[in-house]
Each structure stands twice: as structure tokens, then as C-alpha cells.
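Here's the structure we're looking at; comments come further down.
No value in this document is a laboratory result; all are computed from the given coordinates. This is a predicted model, so every value here is computed, not measured. Cβ placement follows ideal geometry from the backbone for every residue including glycine, while neighbour counts extend to all protein chains displayed.
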Amino acid sequence: MRIGVDVGGTNTDAVAMSGSEVVGWSKAVTTPEVTEGIVTAVRAVLDDCGASPDAIGAVMIGTTHFTNALVEGRRLVPTAVVRLGLPATRGLPPFIDWPERLRAVLGDHIYLCHGGHEFDGRLISPIDHDELRAAAHDIVSKGVGSVAVASVFSPVDASFEAEARDVFAEEAPELDISLSSEIGRLGLLERENAAVVNACLRPLAERTVSGLIGALVELGLDCPLHVSQNDGTLMSADFARRYPVATFASGPTNSMRGAAFLSGVRDGVVIDVGGTTSDVGVLVHGFPREASTAVSVAGVRTNFRMPDVLSLGLGGGSLVRSGNGVEGDVTVGPDSVGYELTDRALVFGGGELTATDIAAAAGMADIGDRGPVSDVGAGLVGGAVECMQDMLATAVEQMKTSADPVPVVVVGGGGVLVRDGLAGASETIRPDYFSVASAIGAAIAQVGAETDRVYSMASMTRDEAMAEARSVTTQRAVDAGADAATVEITDIDEIPLTYLPSNAIRIRVKAVGDLAAGNGISGGGGGP
């Protein structure tokens, strides 16, 4: 059996699965100390299905812990940035596009050094070990412990970043090093930013993962721990320690994977309704569609893998207001009572009119005590219902790539807010266990890997470049813990770079496979 856990802002959900069958589930309130909520939820789900701890083969956890830390600007550590690119790139130094509040937390510890490559692997300038040693000593003297290393076009040739890491390991082994080539894609500033974000979260990741492992020990579980990545695949606990940035947006990703599993829909739209927001995403072959542009997280532009998700301020706790109770003059959200829903909503004895109260008054859900909402005017109820459906239908239209109706799968604890027959939907599906779809998505997740690099056609043919990209990606998935017999290529992007000489092409390949039996996903291979 496997246990999937999703740590949300309001609730921590847990499910136990035997094969493809859900045998138990539970919800617990998310606690400030995240492991407490996990222990409560997992203990409840073990009691629910009557399973002993030694019957559990693996635990998969999806968490927003690291995203929240960056958004809040808390629990981050000062971080140095070492860029290999001189004499190029001097005009746009590191941190140039960061919010001032985050720059103040991380400190402007910037080191521009020689090195880097052109798009086709040609040298910009040789790497200078003395320059790097001097930088290492200066970083240590300032008391900084985390370092992000970014070399120009390192996705094409990562040798200089690896060389810099070796120099730092020899000169200052106490430093924590994050390499941009292992985290981001093409695009120097965005890839560098991703490496910096990863580096400033590393100590928090160490404490958090240790806490998660401690939670399993407290529960008597002796099994591998896996953490959800933001592309719907898994990484090991050791991998999560080194690449906390890979967990960003894993919550919506798990919801979409869970929606695909529960509904059988492989291509369609998913609406995940929580307590405060609704996330709308698109399924392509059963996986979330990835964002094709740089994604801003807490005001920082990055280019690591992220799902293409549209968030809107509509959830179960969204406040409902009306100027005069007339239909058409009603607003829902974006402010919300959030995790206080069970104290402040009318159906739970509170004094606030929320979206959940509207769903109960309209007969869309049987929640709490409907007596207090029986006096809510029909015009207000009808207006609020129409407002919610219009918000969701507009979001679905924004995410679709054609005008044709598509299947819409509704999941999340607030899924009762979505009425059947949503505009733009060929069918509205609310599957069994829809309220814990995120935890199910974590439980069924697979192992994946990706490559993204530029090939010069001056030295190889297109077919040779494609074969190499597929082979490298497949091997990375196997190294990350996938069963080699199950690995398949799920996505290939080929982009001719016509503005560059020698007929260069950019190839992105993604591979996914099932978790190998008895494999804890070695901490070594793969990459987020």
C-alpha cells in the first residue's frame, strides 16, 4: 500500500491506496509546524483502513512549504551568486530583477567571474580557478553558506559549473552549492534566479525533510519517503533536500494528476477549488500542461518546470456581498475566511455569508446546518451562483486552446461550488474522492526526467540529436528511480533557432516511468 499526502494552506489530506483502489482517506487541519498535521492525517487514514504501519510500502508528500517561505520572505538564508561569463553579461548583473525585500534578505553577494560558452559550445573565456578561490574565501569571510553558480549557456555545456563546484568543494567544503544547469532551462537570468531560489531554501529543505522523516518514524512507518515535484513526478527525500525549488506548484499538479486518475480523462480542463482560491489547469496526455513562458514566483522570474495554472480568488470561504440583494449586483471573493470557514460561515454557526453558504442555500451541497441560510434572499443566492459560474467559465475559456467544448473535471474540497453544465464544458465530471484528489495525485505519481538543450547541426544530424536527447532523458529517469521497462517519452519539443548560425535546434524531451519496485529513488540521478 501507498500513502499520499497533500499539505495545503487550509487542510492536510491523506489517502491510502492499494494498487489503484482508494482504501482510506482523511482530512486534518494544516498546522504551523507542518509535520503535526501530517502525523494527524496519516494516523487517521491508517485507522480508517485498518492497516498496520508495516503494510505501507511508500509515502508520497506534496507540500507548499518552500513556496510559502519564498512568498513570505521568511526562513531564507543569505546567498552568494557566482556567474561565469566575463567579459560578457556585465550589463545585467545578478538580482537585477528581484524585489527589493528579497534582495535585502539574501544580500547582494555577487561575483562575476570568467567562463561561459556560446550556444554551440564555443568558449567565451577560460575559467579562472584563482578567481574562484578568491570568491570562495570572500564568501566564507562574510558568513554566507549557500552559493548559486550560473554559467552562460550551461544547459549546452555544464562543464564550467561542475568545475566551479569542485573548486569550491576543495577550497570551502562547508559551502552549499546549487548549479543552474541542474535546475533551470535556457535563459541566463531566469535560470540563474531559479538556482538562487534553490540555494536560499537549502537549509530549510534540510530541516523540513528531516522533519518529514521524523514524522514517519513517529508513525512507525519504515518505508521510502518521496516528495512531489512540480511536473507531477516524484523525487526522493535526498533529492528534495538538494532541490527544494522542484516542489513549487506541486499542489495544483497533484490535483490535476489525481483528477486524471479518478476521472479517466487524459485531455481536458481541471478545476481545483480550495478554501481560498480555484486553480484551473489543462491536462495533456494525463499530465498538466507546462507553462511555456517564464514564471514569476514571489516576483522572481524563473524558468524551471511549472504547470500552466490560472488561479482566481474563488473558494469555499470566499465572502459574498451584495449592495441591494438584486441579481447581477453580487460579488464573490477574492477575500476569504480561509481556514476559519468552519467557525465563520453561516452554516457552521458563524456570521459571514460565504460561497459555501450559497452552495448550501442553492441546494448544490448538503453542508452544515441549512437553517441559517434559509433567510438569504433568492435574488442574492441566484446572483452569487451565476457570479461563481461566470468566473469559472471565463477561466476555462482562457485556458482552452480552441473554442470546442472540453471535459471539465472538478476536484478539491470546494468542488461543490461548480454547477453541472458549466459553459464551455462538454461534460462536468465530479469523480469519487474528488475532495482529496491532490493526495491521490501524490500517491499515484511516477518518476520523471527532462533535458533541454541546443544542438548544432554543424556537428550532427537532426536524427542524431533527437536520438541523443531521448537516450539521455530516458537514462536520467532510470537514474532517478524509474523502472526502465516502463519509461516512455511523454513530450518532445523541437524548436529551430533560425536566427543562429549552423542550423541550431533546441530540443526538450520529457520521460516518465513507474517507480521501480523496492526503489527508494537514489539521491543521485535525474534532476528536477
| note | The size of the Cβ-based charge dipole (Lys, Arg +1; Asp, Glu -1) of the chain about the Cα centre, to the nearest 20 debye, is 520 debye
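Over segment 186-342, calculate the relative contact order: mean separation of alpha carbon pairs under 8 Å at least 6 apart, over the residue count, as a percent.
Numbers: 267 pairs, mean separation 31.5, N = 157.
Once normalised by length, the contact order is 20 percent.
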| said: Ratio of alpha-carbon Rg to the 2.2 N^0.38 Å globular estimate for segment 229-386, to two decimals, please. | reply: 1.24
| Hull shadow area, averaged, segment 207-311 [alpha-carbon convex hull, nm²] | 8.0 nm²
| said: If you average the alpha carbon positions of segment 467-488 and of segment 266-321, how far apart do those two centres end up, in angstrom? | reply: 28 Å
| said: Across segment 114-155, what fraction of all alpha-carbon pairs, as a whole percent, falls in each successive 5 Å bin from zero upward? | reply: 5, 20, 23, 20, 16, 11, 5, 1
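Excluding N230 itself, what net charge comes from residues whose Cβ is under 11 Å from its Cβ, given Lys and Arg +1 and Asp and Glu -1?
Numbers: positive: R305; negative: D231, E290.
Summing Lys/Arg as +1 and Asp/Glu as -1 gives -1.
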| remark: The relative contact order of segment 172-257, taking Cα pairs under 8 Å that sit 6 or more residues apart, comes to a percentage of 26 percent
| message | Please list log₁₀ I(q)/I(0) at q = 0.15, 0.20, 0.22 Å⁻¹ for segment 82-198, using the Debye equation with identical point scatterers on the alpha-carbon positions. | response | -0.59, -1.09, -1.32
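Relative contact order of the chain, please, whole-number percent, based on alpha carbon pairs below 8 angstrom and at least 6 residues apart. Write out the running numbers ahead of the final one.
Numbers: 1307 pairs, mean separation 73.7, N = 528.
Relative contact order for the chain comes out at 14 percent.
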| field | Debye equation applied to the C-alpha atoms of segment 343-418, log10 I(q)/I(0) at 0.19, 0.23, 0.25 Å⁻¹ | value | -0.80, -1.03, -1.15
| field | From the C-alpha gyration tensor of segment 159-207, square roots of 5λ in Å | value | 19, 16, 7
| query | Using all Cα-Cα distances in the chain, what percent lands in each 10 angstrom bin from 0 up to the longest? | reply | 4, 18, 26, 25, 16, 8, 2, 0
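When Rg is the radius of gyration of the Cα atoms in segment 51-151 and Rh is its Kirkwood radius, what does Rg/Rh come to? All intermediate terms of the calculation are to be shown ahead of the outcome.
Numbers: Rg = 19.1 Å, Rh = 16.4 Å.
With Rh from the inverse mean 1/r over Cα pairs, Rg/Rh is 1.16.
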| message | I want the antiparallel fraction of DSSP beta bridges within the chain, as a percent rounded to 5. | response | 60 percent
